[in-house]
Amino acid sequence: MEQNRSAAAGRTEPAWHRSKVIVALLAAMLGVFGAHWWYLGRPRAWMVTLASCVLIVLAQFYPVWWDNPPFLLLIVPVTAGFIEALVFSLKPDAWFDARYNAGSGKTTRTGWGPVLIAIFTTLLGSSVMLFGIALIVMHVYKALGWLDGYVL
């Protein structure tokens, strides 16, 4: 975590006051790349970004980019992003401040923003998850030969 040192007080403070709403939005929209981890200053954020980018690049080597194991594995970071968006949206402001804004001197007051983000995330996340599960089931059934003779 990037910190500024206050010479007068002799204590460390976060470089900026992080917003719970921004974290939730980043997790919901760009969670597959770990954008919210970068915003929070987590030390291993690059691993999530690298893994997602590698899976996307590997998916391009298949004749059908959406029906292959690397693309189907992307459902894991996508789901993690949606779950973290819900967690950040629905946790109390005091919890978020204690964990990510300790020593900033400001308090987070979010109001209805996180609730609306949680509703949006639930709708979008459940749709994406159902689509991903359907693709995985079709891929497995096709690989096992259970759909031989059926036209998809």
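The values are calculated or read from the model by the stated rules, or taken from the named source; none is laboratory data. Computed from a prediction, not measured in an experiment: that's the story for all the values here. Cβ placement follows ideal geometry from the backbone for every residue including glycine, while neighbour counts extend to all protein chains displayed.
Among the residues of the range 107-152, which ones are of a type in the set (Gly, Ala, Ser) and either touching a helix residue (DSSP H, G or I) at 6+ places or on another chain (Cβ under 6 Å) or not in a helix (DSSP H, G or I) (or both)?
Filtering the range 107-152 for residues of a type in the set (Gly, Ala, Ser) gives 111, 113, 118, 125-127, 132, 134, 143, 145, 149.
Answer for the range 107-152, where residues must be of a type in the set (Gly, Ala, Ser) and either touching a helix residue (DSSP H, G or I) at 6+ places or on another chain (Cβ under 6 Å) or not in a helix (DSSP H, G or I) (or both): GLY111, GLY113, ALA118, GLY125, GLY132, GLY145, GLY149.
Return the residues of the range 88-102 that are surrounded by fewer than 15 Cβ atoms within 10 Å (Cβ to Cβ) and either of a type in the set (Phe, Trp, Tyr) or closer than 21 Å to GLY125 by Cα (or both); say none if nothing qualifies. Write out each step before concluding.
Of the range 88-102, the ones surrounded by fewer than 15 Cβ atoms within 10 Å (Cβ to Cβ) are 90-92, 94-95, 98-99, 102.
Matches in the range 88-102: LEU90, LYS91, TRP95.
Of all the listed residues (PHE33, PHE96), the sole one being touching a Cys at 6+ places or on another chain (Cβ under 8 Å), among the aromatic types (Phe, Trp, Tyr) and touching a residue at least 40 places away in the same chain (Cβ under 8 Å) is PHE33. Residues that are closer than 24 Å to VAL137 by Cβ, hydrophobic (A, V, I, L, M, F, W, C) and buried (at least 17 other Cβ atoms within 10 Å of the Cβ) within the range 44-72 comprise ALA51, LEU55, ALA59, PHE71, LEU72, listed in sequence order. Of all residues being part of a loop (DSSP other than H, G, I, E, B) and touching a Pro at 6+ places or on another chain (Cβ under 8 Å) in the range 1-50, which is modelled with the highest pLDDT? Just the residue, please. Top of the filtered list is GLY34. Exactly one residue out of GLY113, GLY41, GLY125 is in contact with a strand residue (DSSP E or B) (Cβ under 9 Å, 6 or more places away or on another chain) and in contact (Cβ under 8 Å) with a residue 24 or more places away in the chain, and it is GLY41.
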